[in-house]
Amino acid sequence: MKKNILIVFGTRPEAIKMAPVVKAFRRHSAYTTKVCVTGQHREMLDQVISFFDLEVDFDLNLMKPGQNLHSLTSAIISGVKEVMDAFMPDLVLVHGDTTTSTAAALSAFYSGAKVGHVEAGLRTYNKYAPFPEEMNRQLTGRLADFHFSPTEKAKINLLSEGVSEGAISVTGNTVIDALMEGVERIKNIENHPGIERLKQLTGDNEVILITGHRRENFGQGFNDICTAIKKISSQFKGKIVYPVHLNPNVQDPVNKSLRDLDNVILIEPLPYESFLWLMNRSKIILTDSGGIQEEAPSLGKPVLVMRETTERPEAVEAGTVKLVGTDVDKIVTGVLELLKNNELYHQMSTSYNPYGDGKASQRIVEFVEKNL
Ligand code: UD1
Ligand code: UDP
């Protein structure tokens, strides 16, 4: 008898990282695989679903402008219950550290299904950084039966918390599976309108790419980030391109402070293929994103991370990622040093990939075959 697998995700990064997992399970005849999106994100999620041609079976369509964690969590728990009742999966796969991940895992547990956690074992052990993601991934880890860790370090974290070794598989990060597919697809696309537009916007200039959306940076953190970008823009001859996250807590301060600067280009969040092109085109990436910290080392791009701490120490240890926090001087100095100091730039831009070989999804399927 075929087993039922339900894959649940809701935000842009989960969709990117679960797309290869969905494809790997759907290729396998032993499983009936269905996808449930919570719609925690909407436009930013739909961009990814369309790029990877993912067929969605259940769409809870939950996003509300300026949503709060409490109502979103309860809506996901109830919404996923309906899907559990309709599909009765043997295994529910969730990803990472979002509200969708934890609430869906809890809902699946209440309904009696096994839970598999993709990208398991990342930790800062600081409950408030990143907020609420650190607590989300710890909670999802407690609910999970199977833990798919991207690296050995993540596995060690889980072992130290008492997770049994047999329940953990070190697979690599599925983001590399997605990245490889994305990079291959870009090579074969000619005259992509989004990429052509980016070519026009950037011309022959050097490019600094910026993204940011962490909740713990809302308020003063974002004000400081914008002050730092202003200072950099006055000393940088190239273009600063910033695809601005749709969260109003990000849109408002960023648009207010940066919209009038000549060499700062504020644009909407980009579809994955355009964003990959832009990362490749950039000299330096300044971000607080988790996924970008994993992708950039593969592309040989130096990343300055606007956070105090990271759950992704591998690239920091390899020297391609450096933490600068949200301190204005540290951000400005970090960027200017990289622009001026060729040796430092060269050290940080050496291509290195601690996060996988593009076969993580296949390993997840193989583990499930043996253990479900
Ligand atoms: C969420 C995740 C975060 C993840 C990030 C990836 C939680 C608590 N946060 O943060 O872990 O790193 O996604 O980007 O799970 N919005 C839109 N359209 C979209 C997406 C968002 O308009 O397609 C706006 C809406 O007003 C929405 C708000 O952004 O209410 C916040 O979205 P939410 O998912 O709650 O938080 P993020 O900051 O996106
Ligand atoms: N990304 C994208 N378009 C953008 C910005 C980011 O496709 O305009 C991709 C990026 O390549 C990475 C993921 O989105 O794979 C990261 O998402 P985000 O920073 O929102 O979330 P996090 O990884 O911090 O949870």
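The values are calculated or read from the model by the stated rules, or taken from the named source; none is laboratory data. Because the structure is predicted, anything quoted here is derived from the model rather than measured. Glycine gets a Cβ as well: all are built from the backbone with ideal geometry, and neighbour counts include every protein chain shown. With ligands, DNA and RNA removed, areas are computed over all heavy atoms of the protein, side chains included. Shrake-Rupley method; radii C 1.70, N 1.55, O 1.52, S 1.80 Å.
Any idea which residue in segment 77-96 is nearest to ligand 1 (Cβ to nearest atom), counting only those that are free of Cβ contacts under 8 Å to residues at least 60 places away in the same chain and open to solvent by 20 Å² or more (accessible area, probe 1.4 Å)? Before you say what the answer is, go through the steps one by one.
First pass over segment 77-96, keeping only residues free of Cβ contacts under 8 Å to residues at least 60 places away in the same chain: 77-79, 81-82, 85-86.
This time we only want the ones that are open to solvent by 20 Å² or more (accessible area, probe 1.4 Å), so: 77-78, 81-82, 85-86.
Details: ILE77: 14, SER78: 17, LYS81: 19, GLU82: 21, ASP85: 24, ALA86: 24 Å.
Out of the qualifying residues, it is ILE77.
Among the residues in segment 169-188, are any within 18 Å of the chain's Cα centre (by Cα), more than 16 Å from ligand 1 (Cβ to nearest atom) and more than 22 Å from LEU45 (Cβ to Cβ)? Steps first, please.
Start the filter on segment 169-188 by keeping residues that are within 18 Å of the chain's Cα centre (by Cα), which leaves 171-183.
After this cut, where a residue has to be more than 16 Å from ligand 1 (Cβ to nearest atom) as well, the list is 171-172, 176-177, 179-183.
From what is left, the residues that are more than 22 Å from LEU45 (Cβ to Cβ) are 171-172.
The answer is yes, given that some residue of segment 169-188 is within 18 Å of the chain's Cα centre (by Cα), more than 16 Å from ligand 1 (Cβ to nearest atom) and more than 22 Å from LEU45 (Cβ to Cβ).
Out of (1) under 27 Å from ASP97 (Cβ atoms); (2) buried (at least 19 other Cβ atoms within 10 Å of the Cβ), what's the single condition that is false for PHE218?
All conditions pass for PHE218, except number (2).
Taking the residues in segment 1-19 that are more than 14 Å from the chain's Cα centre (by Cα) and crowded, with 21+ Cβ neighbours inside 10 Å as candidates, determine which candidate is nearest to ligand 1 (Cβ to nearest atom). Write out each step before concluding.
The first filter runs over segment 1-19 and keeps only residues more than 14 Å from the chain's Cα centre (by Cα), leaving 1-8.
When the remaining residues are screened for being crowded, with 21+ Cβ neighbours inside 10 Å, the result is 5-8.
Working: ILE5: 23, LEU6: 19, ILE7: 17, VAL8: 13 Å.
Top of the filtered list is VAL8.
For segment 23-52, give me each residue that is outside any helix (DSSP H, G or I) and more than 19 Å from VAL365 (Cβ to Cβ).
Kept after step one, since they are outside any helix (DSSP H, G or I), are these residues of segment 23-52: 27-42, 52.
Passing the criteria: VAL37, THR38, GLY39, GLN40, HIS41, ARG42.
Working only within segment 296-310, note down all residues that are open to solvent by 10 Å² or more (accessible area, probe 1.4 Å) and under 22 Å from GLU152 (Cβ atoms).
SER298, THR309, THR310
Select from segment 50-60 the residues that are over 20 Å from the mean Cα position of the chain (by Cα) and within 19 Å of LEU246 (Cβ to Cβ) and write down the one among them that is most open to solvent (accessible area, probe 1.4 Å).
ASP59
Is it fair to say LEU278 is modelled with pLDDT of 95 or more, within 16 Å of ligand 2 (Cβ to nearest atom) and in a helix (DSSP H, G or I)?
Yes, satisfied.
Among (1) open to solvent by less than 60 Å² (accessible area, probe 1.4 Å); (2) within 30 Å of PHE51 (Cα to Cα); (3) of a type outside the set (S, T, N, Q); (4) not in a loop (DSSP other than H, G, I, E, B), which single condition is HIS213 missing?
Exception for HIS213: condition (4).
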